[in-house]
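One structure is given here, and the rest of the page talks about it.
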Amino acid sequence: MDTLWQDLRYAARALLKSPGFTTVAVFTLALGIGANTALFSVVNAVLLRPLSYPRPDALVALSVTVDGREIGASMPQYQDFRRGVPALQDLAAAWPISTNLTGSGKPERVEAVAVSPNYFTVLGIKPQLGRGLNQADAGDKLGYVAVISYNLWRRRFGGDSGVLGRTIRLDDDPMTIIGVMPPGFRHPAESGRLPVEEWGAINLDNPDTAYINNRRWQVFNLIGRLRPGATVEQAQVQVDVVQRRAAALFPDIYPAAAAPRAHVIPLAERVVGNARPALLILLGAVGFVLIIACANVANLLLARATGRDREIAIRTALGGGRRRIIRQLLTESLLLASVGGVLGLLLAVWATEALGHLAAQYLPRAQEIGIDDAVLGFTAGLVVLTGLGFGLAPAIQGSNADLHGVLKDAGRGSTASRTRGRTRGALVVTQVAVALVLLTGAGLLFRSFQQLMAVDPGFNTKNLLTLQLYLSWPNQPEKGKYFTQEQRLAFYDRVLVAIDEIPGVQSVGLTSRLPFRGSEAAPLAIEGRPARPDETPPSPEGRLVSPGYFEVMGIPLVQGHGLSGTADAKAPPEALINRVMAQKYWPNSDPIGRRVKFDIPDWPWLTIVGIVGDVRQVGIDKPAREELYVSYRQRAGGEVAVVVRTSGDPERLSGAVTKAIQSVDPEQPVFATMPMTRVLAETTAARRFSMLLLALFAGLALLLSAIGIYGVMAYTTTQRRHEIGIRMALGAGSSDVLGLVVGQGMRLVLIGLGLGLAGAWVLSRVLSSQLYQVTSRDPATYAGVAALLGVVALAATYLPARRAMRVDPMISLRSE
């Protein structure tokens with residue numbers, strides 16, 4: 001221990017004697033370690049940390065898909081799985097809904113779930129205040145009690161412990177608060193942008209509830225807990241048996257061509273979703289940045305070791321063994337890494353908070369991102385590995401000083417110097433190669449994002465304000481103020497008039513769902529074309545819209561005429577279709593005048609009266625699907641989105657639009673108010689997040705590589721000052737010296753570029769899933785990033801070369 005303490009004190013004194021070297025090395029390491037720590041905190045929170053439930057490994061999700069598209073499960077399916085899968089200890093169902101919260105302050109829209117009474121038992125979580133749900137709470141259909149989130153309790157009720165027993169109104173239903181969940185608890189199947197803040201019980205054991213006891217009504221997320229000793233694979237086999245049995249009993253509901261498939265997956269995987277590949281790619285990228293930082297510091301140590309040859313030779317002459325000297329030099333490296341790690345951790349605290357805010361809207365478990373014991377342990381391990389990584393080679397070479405040559409001042413051409421020169425060159429090659437790999441990845445993502453932003457969504461996104469409304473639908477709808485079609489139409493008509501009268505509003509329309517806000521597909525029957533059992537039935541995107549919706553959105557009318565502005569439920573039902581649907585189902589005929597019908601009870605046959613342009617409803621990166629539009633006056637629903645075309649900045653009118661709507665109904669919440677450009681930006685947020693981070697890491701790698709190349713060439717030029725002086729004394733010109741220095745540096749750079757291109761060619765395939773209309777081996781990207789790195793490297797070698805051109809031969813020779 002005394003020897004270690006002695007080594008540390010000596011290392012500290014040695015580093016303090018070289019403040020310039022120490023400062024550059026520490027900040028270089030801090031950047032590399034800080035970036036790795038910050039990104040690991042994200043990976044740890046999202047991918048590695050267990051879910052915050054008892055025995056989280058036993059929790060599974062049953063994901064039901066048709067043709068690869070995820071849908072919900074029906075109540076009868078839930079009962080089938082609950083009775084027929086012995087591997088499951090219990091199974092809970094959750095129906096995600098949104099509700100209007102009124103009766104205690106400003107009206108507010110909150111995300112909620114109607115759950116089976118065993119929901120909290122399956123998850124193994126108890127409320128912080130009050131109690132959870134039980135079967136008696138479910139009532140006949142939906143119960144009249146609620147458990148609320150900790151955040152809603154604090155925000156709406158100020159954290160009042162007397163909240164239990166108080167009544168709130170959710171969709172005009174009086175709900176008694178019976179419990180408050182602990183802080184940090186979140187519904188594990190959240191799919192929206194906002195967290196779930198209210199849980200209510202729903203009776204799934206009542207077969208008389210017709211609208212729920214319907215195999216076509218697929219709205220439930222299923223969360224189960226495995227029995228002790230049971231596996232996911234066993235549960236999957238049993239679920240498949242249940243599915244085959246149901247398909248045999250109900251062939252009309254589960255046709256062979258479109259039979260649903262239930263997948264049993266660990267709940268942690270269901271929560272993470274598609275975030276894993278992008279995060280692992282980014283973690284690998286930031287690891288490359290650390291490699292470049294280590295190579296930079298190793299080069300600095302090698303350069304510093306040359307100036308310490310005499311010191312090491314003297315210590316060797318006085319009896320210092322090679323192992324002892326290596327240990328001393330490694331102690332200095334570990335001390336450097338430790339100081340850099342502490343500074344990097346401080347940078348990571350700030351960067352982690354920024355990443356949490358940046359990823360909050362689209363990264364699962366983003367609220368859990370932070371510095372914890374696992375992150376601190378990772379940083380500590382990184383410090384040790386980094387200290388050994390950049391310090392081992394310089395320590396071994398530094399301890400191998402030429403004792404006799406150094407002591408006689410004749411070590412300039414020693415084998416050790418040549419070995420160090422080769423090592424420095426190898427480190428430069430490594431930096432260039434790794435930087436090129438990162439730049440190539442960033443370039444591919446940038447090209448992909450450019451392609452995505454150039455896609456025409458099918459409508460004009462500029463100067464367009466969007467917002468959403470939901471008319472309360474209580475358990476006893478006949479007691480609600482928007483129970484009848486006439487009541488809902490009257491409200492929407494008054495809202496349209498009130499908004500249209502606002503100065504700066506050019507036009508206003510309604511739709512049942514905005515583009516990019518998910519799918520609203522429904523099975524469809526085509527008159528004169530009976531469905532075949534081996535054929536997947538048509539399932540276009542369906543939208544209820546106001547007749548002026550297409551004008552507001554800028555969607556062109558291609559053929560026929562638009563929807564009638566005066567049509568109501570008694571008028572002949574009309575529909576518009578898009579070009580994709582017309583070409584798919586009537587490729588060689590005119591669809592105008594044909595009739596179609598949603599495979600939904602009580603829907604009439606619809607006559608196609610026109611064709612409109614295609615809109616990318618599901619996502620900007622997804623091609624337009626078949627679309628069918630019906631006037632909202634035929635069947636006005638309770639949930640609508642309002643679109644407002646403005647003459648200027650749409651955000652400036654958001655307050656006036658909200659005020660106009662609440663002048664019609666003061667208890668009506670207005671939510672998700674934002675320009676359409678932001679709606680579009682949210683659909684590309686995950687891609688933008690990956691691109692920005694990888695570009696940041698690539699830029700950091702480029703900077704560190706340029707500094708490393710400059711440092712090596714500057715040091716090499718200084719070491720060759722005597723040689724350059726002789727060359728110039730013998731008649732060499734400035735251009736000869738320039739070519740000598742630049743040529744030496746660019747040879748290393750070209751080797752690095754070659755290795756980097758090969759590495760990028762191999763590794764870029766992992767980016768394929770993140771790209772859009774760009775191949776992972778896009779030649780333009782490879783050529784562009786290679787040229788960029790080559791120009792930066794040329795600049796880094798040119799600056800030392802200019803200094804070499806100014807060498808005075810007489811001064812250089814006299815100094816020798």
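Sequentially through the stretch 174-180, phi angles give Karplus couplings (6.51, -1.76, 1.60; θ = phi - 60°) of x, 10, 8, 6, 10, x, 10 Hz, Gly and Pro residues having no value and appearing as x. Is the stretch 605-702 rounded, prolate or oblate when judged by the Cα gyration tensor, a ≥ b ≥ c being the square roots of its eigenvalues, rounded requiring a/c under 1.5 and prolate requiring a/b larger than b/c? It comes out oblate by the Cα gyration axes. Projected over every direction and averaged, the convex hull enclosing the alpha-carbon atoms of the stretch 42-121 yields 8.7 nm². Derived value for the stretch 1-158: Kirkwood hydrodynamic radius 21.7 Å. Basis is the mean of 1/r over every pair of different alpha-carbon atoms. Between the C-alpha center of the stretch 108-157 and that of the stretch 211-247 there is a gap of 24 Å. Between the stretch 496-547 and the stretch 746-786, what is the separation of their alpha carbon centroids in Å? Result: 43 Å between the Cα centres. Between the amide H of Val558 and those of Ile611, Val612, Gly613, distances stay under 5 Å, these residues lying 5 or more places away or on another chain, with hydrogens modeled in the peptide plane. The calculated P(r) of the stretch 653-704, using every Cα pair and 5 Å bins from 0, goes 5, 16, 14, 12, 10, 10, 9, 8, 6, 5, 3, 2, 0 in percent.
Could you sort 437-447, 366-376 so that the peptide with the highest average Cβ count within 10 Å comes first and the rest follow in order?
Per-residue mean Cβ counts within 10 Å order the peptides as 437-447, 366-376.
To the nearest 0.05, how large is the calculated FRET efficiency for Asp372 and Leu392 if R₀ is 25 Å and r is the Cβ-Cβ distance? Using R0 = 25 Å, I get an efficiency of 0.25. Most tightly packed first, judged by the mean number of other beta-carbon atoms within 10 Å of their residues, the peptides 689-697, 589-597, 244-252, 621-629 read 689-697, 621-629, 589-597, 244-252.
In sequence order, the stretch 368-385 has phi-based couplings of 8, 5, x, 8, 10, 4, 5, 5, 5, x, 4, 5, 4, x, 5, 4, 5, 4 Hz under the Karplus curve 6.51 cos²θ - 1.76 cosθ + 1.60, θ = phi - 60°, and Gly or Pro positions carry x.
Ranked by the mean number of other Cβ atoms within 10 Å of their residues, highest first, the peptides 337-348, 175-186 come out as 337-348, 175-186. Each part gets one Cα centre, and for the stretch 12-68 versus the stretch 618-666 those centres are 41 Å apart.
Per-residue Karplus couplings for the stretch 592-606, computed as 6.51 cos²θ - 1.76 cosθ + 1.60 with θ equal to phi - 60°, are listed in order as 4, x, 6, 10, 9, 8, 5, 7, 10, x, 6, 7, x, 6, 10 Hz, Gly and Pro entered as x.
None of the figures in this text is laboratory data; all of them are computed from the coordinates on show. Computed from a prediction, not measured in an experiment: that's the story for all the values here. All Cβ positions, even for glycine, are placed from backbone atoms using ideal geometry, and neighbour counts span all protein chains on display.
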